[in-house]
Amino acid sequence: MKVAIYANEREHSQQVKEQLELKLKEAHIELDHENPEIVLTIGGDGTVLHAVHHYLDQIEKVKFIGIHTGHLGYYTDWLPDELDELVQFLKQKQSRISQYPLLSIMLCEDKTCHQLYAFNEMTLLNAFRTQHLNVTIDDLFFESFRGTGVCISTPTGSTAYNKSLGGAIIYPSLKAFQMTEIASINNNVFRTIGSPLIIPHEQVVTLKSENFSDVTITRDHLYETYQNIEKIKVTLSNRHVTFVKRRDVSFWGRVKDHFL
Ligand code: NAD
């Protein structure tokens, strides 16, 4: 089996990486950063996001295992003092997996469309002026939005930025995505729904505006500013990120430990 190690730059993560490399060598497990079967991340949930984007082109072939150098995260199951157990685990057949969908973002500008993906969420933000958005769900014109922007998240991303915006926590096995508003203007002239929307995976949200200048699109930790967007179509993709399951960890237990 070929494994890759993807660690963040923190000193502790780099120390854990050195220890792990040694243990993998002793166990005759091959390191291959180009074409790994398993990617071992060392850091936090943010490190997993970076690793997912790094291996996006081969996401169907790669499985992830997260080692957390802080507290246990949403995408990380192992702690640095469990490296021996982890190496033994890697030598066994990895048959139990969890798969979580990526968000599909089709961004069209200047007559060209780009297929982009996010694992937690995408946000559309305008820090400089009130952003106007026409929001369509499938063929239905839904609302005319004015405010800072919107966040559209996957089920696993629902505990991240989405939650800070007052969005609901979605159980990871539910095939849905969520749109939350970021500082919408609501008065006797402008009106938005005001509640987060939980949308089934087969539906598509389209965002259009007569003015998309200086709009920032974030995808997880990535961000880019655009001037000439024509429209953005967002839905849940049929591409997934695969994790090797260590044991049955209760999702609600994780939510409780993390937030309460
Ligand atoms: P980071 O690694 O510092 O992550 C930011 C925080 O989000 C960390 O505490 C991390 O543990 C947590 N996090 C990430 N994914 C999570 C998930 N699925 N469920 C629960 N918590 C999660 O920074 P980064 O590498 O730039 O991470 C990017 C992420 O940061 C974005 O995807 C977004 O979700 C999050 N973020 C949150 C806010 C906010 O809550 N106001 C603002 C910007 C970005």
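For the range 174-222, with every protein chain kept in place, what is the accessible area per residue (1.4 Å probe, Å²)?
I get 51 Å² per residue for the range 174-222.
Step through the residues of the range 185-191 one at a time and calculate ³J(HN,Hα) from phi using the Karplus curve (6.51 cos²θ - 1.76 cosθ + 1.60, θ = phi - 60°), rounding each to whole Hz and writing x for Gly and Pro.
8, 10, 8, 7, 10, 10, 9
Magnitude of the Cβ-charge dipole of the range 102-238, K/R +1 and D/E -1, about the Cα centre, nearest 20 debye?
220
From the square roots a ≥ b ≥ c of the eigenvalues of the alpha-carbon gyration tensor of the chain, which class results: rounded (a/c under 1.5), prolate (a/b over b/c), or oblate?
It comes out prolate by the Cα gyration axes.
Taking amide H atoms as placed 1.01 Å from N in the peptide plane, list the residues 5 or more away in sequence, or in a different chain, whose amide H sits under 5 Å from that of residue 145.
133, 134, 135
On average, how much accessible surface per residue is there in the range 91-132, in Å², for a 1.4 Å probe, leaving out ligands, DNA and RNA?
51
Can you pull the percent of the chain's accessible area that's carbon plus sulfur, 1.4 Å probe, other chains left in place?
49
Using +1 on the beta carbon of Lys and Arg, -1 on that of Asp and Glu, and nothing else charged, what's the dipole of the chain about the Cα centre, debye to 20?
So the dipole magnitude of the chain works out to roughly 600 debye.
Rounded, prolate or oblate, given the Cα gyration tensor of the range 137-199, with a/c below 1.5 counting as rounded?
oblate
Which whole-angstrom value gives the distance between the alpha carbon centres of the range 213-260 and the range 138-204?
About 13 Å separates the Cα centre of the range 213-260 from the one of the range 138-204.
Scan around residue 236 for amide H atoms under 5 Å from its own, H built in the peptide plane at 1.01 Å from N, and keep only partners 5 or more places away or cross-chain.
Here 104 satisfy the definition.
Going by a ≥ b ≥ c, the root eigenvalues of the Cα gyration tensor, does the range 4-88 fall in the rounded group (a/c under 1.5), the prolate group (a/b larger than b/c) or the oblate group?
Since a/c reaches 1.5 but b/c is at least a/b, the shape of the range 4-88 is classed as oblate.
Can you tell me which lysines have their Cα less than 24 Å from the Cα of residue 25? Leave out same-chain residues fewer than eight positions away.
2, 17, 61, 63, 91, 93, 245
With point charges of +1 on the Cβ of Lys and Arg and -1 on the Cβ of Asp and Glu, referenced to the Cα centre of the chain, which listed residue (153, 104, 170) lies farthest in the positive direction of the dipole?
170
Quick one: Karplus J couplings for the range 36-53, per residue in order, coefficients 6.51, -1.76, 1.60, θ = phi - 60°, nearest Hz, x for Gly and Pro?
x, 8, 10, 10, 9, 9, 10, x, x, 4, x, 5, 4, 4, 4, 5, 4, 5
At a 10 angstrom cut-off on C-beta neighbours, averaged per residue, how do the peptides 114-126, 173-185, 11-23, 34-46 rank from highest to lowest?
114-126, 34-46, 173-185, 11-23
The values are calculated or read from the model by the stated rules, or taken from the named source; none is laboratory data. Keep in mind it's a predicted model, so treat the numbers as computed, not measured. Ideal geometry is used to build each Cβ from the backbone, glycine not excepted, and the neighbour counts take in all protein chains shown. Keep in mind that these areas ignore ligands, DNA and RNA; they rest on the heavy atoms of the full protein, side chains included. Shrake-Rupley method; radii C 1.70, N 1.55, O 1.52, S 1.80 Å.
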